[in-house]
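The values are calculated or read from the model by the stated rules, or taken from the named source; none is laboratory data. Being a predicted model, the structure only gives us computed values, none of them experimental. Glycine also receives a Cβ, built like all others from the backbone with ideal geometry; neighbour counts cover every protein chain displayed. The accessibility values were calculated without ligands, DNA or RNA, using every heavy atom of the protein model including side chains. Shrake-Rupley method; radii C 1.70, N 1.55, O 1.52, S 1.80 Å.
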Amino acid sequence: SSDNYDNGDDANPSASMSQSLPFNTRLPPLAMDLTLRYLPFIMPIVAYSTYESTARMFNKMVEFISDNNWIAVDGGQYQAEIITPAINGLVVPSLALLFATLVNNTINTLRQRQLQIRTSLNTEANDLRVLATILDSLPSQLRKAKNHLREYLIQYASR
């Protein structure tokens, strides 16, 4: 039935998306928040602490796949000499370009947010000035209402 996917709440599209997901793929909001908050700190520590065993397992896998038809008699020095030009010639510049692009996109996004915040603050300050001008132009017979409105304006501006 289509009522599983459309709950009639067009204002909250994430609610309808979460309804369409299978039950076993949904995470409670608190679990998702904790995962997104702590995973970037935990994963580098896990990667650092498991590097030796991962490298050993990778070497054993390469030996198994190659049917052990070669033996490194020089302790792997020849392998290092063969792979060094590829790493220095292709991998390092590619990673440098990748990270430069990532940094550029991050800086651009932060700059756009800063400009958006500045525009919003200027718009709000201008609206407050216009409101203060309108308050000043009220007739003197409305002095009590004028004072109450001015207090509300001061409370809003001081928050």
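Table for the structure above
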read-out	value
Hey, residue 128 within 30 Å of residue 149 (Cα to Cα), touching a helix residue (DSSP H, G or I) at 6+ places or on another chain (Cβ under 8 Å) and not acidic (Asp, Glu) or not	yes
Those residues of the range 44-83 which are open to solvent by 100 Å² or more (accessible area, probe 1.4 Å), of a type outside the set (Lys, Arg) and part of a helix (DSSP H, G or I), in sequence order	45, 48, 51, 52, 57, 58, 64, 65, 77, 78, 81
Given (1) within 32 Å of the chain's Cα centre (by Cα); (2) open to solvent by less than 80 Å² (accessible area, probe 1.4 Å), number of the condition residue 145 does not satisfy	(1)
Residue that is open to solvent by 100 Å² or more (accessible area, probe 1.4 Å) and part of a helix (DSSP H, G or I), where the choices are 117, 87	117
Any hit, the range 17-29, residues being open to solvent by 90 Å² or more (accessible area, probe 1.4 Å), at pLDDT 90 or above, of a type in the set (A, V, I, L, M, F, W, C) and assigned to a helix (DSSP H, G or I)	no
Index of the failed condition, residue 159 passing every other in (1) open to solvent by less than 90 Å² (accessible area, probe 1.4 Å); (2) outside any helix (DSSP H, G or I)	(1)
